[in-house]
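Chemist: My questions will all concern the structure given below.
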Ligand SMILES: C[S@@+](CC[C@H](N)C(=O)[O-])C[C@H]1O[C@@H](n2cnc3c(N)ncnc32)[C@H](O)[C@@H]1O
């Protein structure tokens, strides 16, 4: 029985609702929803059935109550719809990372695009005059960032991702999306963590593949003693890691244990050293697609503001054609921006600023011919409101969440901008996530 990660404490909850029936019922899948589950109805009750396709007819049992319906637990498949293929990964079905490996390529791409257009259409964003470009795909084995969980039970360490809708851990032996150098570290890490974790103790393991090797952060460890430091330093050397650090919890700065190389990443003409565990686009290929759409979207602008700039993913490629002012709230990412800016002698300026509480105003923005904004999943409501009131000619929105992108886009459109182009980027292969770049003009 795989171990359960300790769930956060929650206030006492009402008892779960009783399903309408205990026995299996026959249903047909009529649509695959945005999260990858097949949708079916039984006597007015909605069911979400994982790993199913349109046209599947099957017997399901009512599982847990979920949102406006129920999880459908498949019992037997009576008739198979079109578009099924064999999953590429042995963990598919239990691991919560991928939801769509049962779809053949054409079915997958159609589902993913439909999920995006459904969200954008709901906000009326896909009218005449908007060009929806083909989806840029990222290849198998290209994910260069992952946060796994490790937990010790008895003599054994489990290391991997959580099951879908669960705190139960998958002990990872295979992963078709992870970059091979990261996957290769899983087994040695499991051994290396065994003497460090107490029974039941759980930590997060953040892995990032940089240009000069792997950056590893152990999160949730208590301050390492001398023996632990030696053990981890030896591990870093044996696996030729670029950097190994630890922190007690998310949000705290990571403390170095073994910095064997700088930890470098090339953005355009510069190399920056992102802070351990810093945000980076999830794959090189996804980053390239996002950067290409962003560079094209700013046109001939000579002064560009890059808001929510991170470590400079867009800042430095943009600096090849314009002067760029990069704004970022995280102090460690800001330090990386400053490091890159120094290499370009005046073409890039950087500002540390909380853009939720203190967004750039039209007064700040109107000196730029283009603005790029790439907020976290929650979107950039305050900043989009200010951009909407500006006179900036070209705005490029980059987003990992079509729902918050749609909200921000509505604000820009109310302010007089036109949405002209959408560039979808499928950076999280076989998951329900879709990234996009949107061009706005006034
Ligand atoms: C989706 S990431 C994009 C980073 C960068 N553009 C990239 O592609 O690598 C969002 C960035 O917004 C920053 N951020 C989050 N909240 C912020 C805030 N309130 N003010 C400014 N920056 C913030 C995060 O630190 C992160 O670097």
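Chemist: Between the stretch 193-251 and the stretch 252-282, what is the C-alpha centre distance in whole Å?
Modeler: Result: 15 Å between the Cα centres.
Chemist: Rounded to whole Å and sorted largest first, list the principal axis extents of the Cα atoms in the stretch 200-279.
Modeler: 45, 27, 17
Chemist: Using helices alone, what [θ] at 222 nm do you get for the chain, with -39,500 (n - 2.57) per DSSP H run of 4 or more residues, divided over all residues and rounded to the nearest 500?
Modeler: So the helix-based figure for the chain works out to -6500 deg cm²/dmol.
Chemist: May I ask for the equivalent-ellipsoid semi-axes of the stretch 234-362, computed as the square root of five times each C-alpha gyration tensor eigenvalue and listed largest first in whole Å?
Modeler: 28, 17, 13
Chemist: Is any residue of the stretch 312-326 close enough, with backbone N under 15 Å, to a label point placed 7 angstrom from the Cα of residue 303 along the Cα-Cβ axis, and if so, which?
Modeler: Only 322-326 pass the distance filter.
Chemist: Quick one: go through the stretch 161-203 and flag any residue whose amide nitrogen is under 16 Å from the point 7 Å out along the Cα-to-Cβ line of residue 230.
Modeler: 195-196
Chemist: In whole Å, what are the extents of the stretch 138-191 along the principal axes defined by its C-alpha atoms, from largest to smallest?
Modeler: Principal-axis extents of the stretch 138-191 (Cα, largest first): 38, 28, 15 Å.
Chemist: Using square roots of five times the C-alpha gyration tensor eigenvalues, list the equivalent-ellipsoid semi-axes of the stretch 296-393 in whole Å, biggest first.
Modeler: Over the Cα atoms of the stretch 296-393, the ellipsoid semi-axes are 19, 17, 11 Å.
Chemist: Same structure again: May I ask you to order 399-410, 307-318, 158-169 by the average number of other C-beta atoms within 10 Å around their residues, highest value first? Write out the running numbers ahead of the final one.
Modeler: Values: 399-410: 21.2, 307-318: 26.9, 158-169: 19.1.
My ranking of the peptides, most packed first, is 307-318, 399-410, 158-169.
Chemist: Let me ask another. Any number yet on Rg/Rh for the chain, C-alpha, Kirkwood?
Modeler: Looking at the chain, the ratio lands at 0.99.
Chemist: Which whole-number value in Å³ per residue fits the convex hull of the alpha carbons of the stretch 142-255?
Modeler: Looking at the stretch 142-255, the number lands at 108 Å³ per residue.
Chemist: Now for a different question. Please report the spacing between the Cα centers of the stretch 129-167 and the stretch 344-359 in Å, no decimals.
Modeler: So the two Cα centres are separated by 31 Å.
Chemist: Work out, in µm²/s and without decimals, the Stokes-Einstein translational diffusion coefficient of the stretch 25-79 at 25 °C, 0.890 mPa s, Rh from Kirkwood over C-alpha pairs. Show your work: numbers first, answer last.
Modeler: Values: Rh = 10.6 Å.
The calculation lands on 232 µm²/s.
Chemist: Label-point separation (nm) for residue 342 and residue 184, each offset 7 Å from Cα along Cα-to-Cβ?
Modeler: 3.3 nm
Chemist: Sort 45, 133 so that the residue with the fewest other Cβ atoms within 10 Å of its own Cβ comes first and the one with the most comes last.
Modeler: Values: 45 17, 133 13.
Placing the least packed residue first, the sequence is 133, 45.
Computed from the coordinates by the stated procedures, all read-outs in this text should not be read as laboratory data. Being a predicted model, the structure only gives us computed values, none of them experimental. Note: ideal-geometry Cβ built from the backbone for every residue, glycine included; neighbour counts use all protein chains shown.
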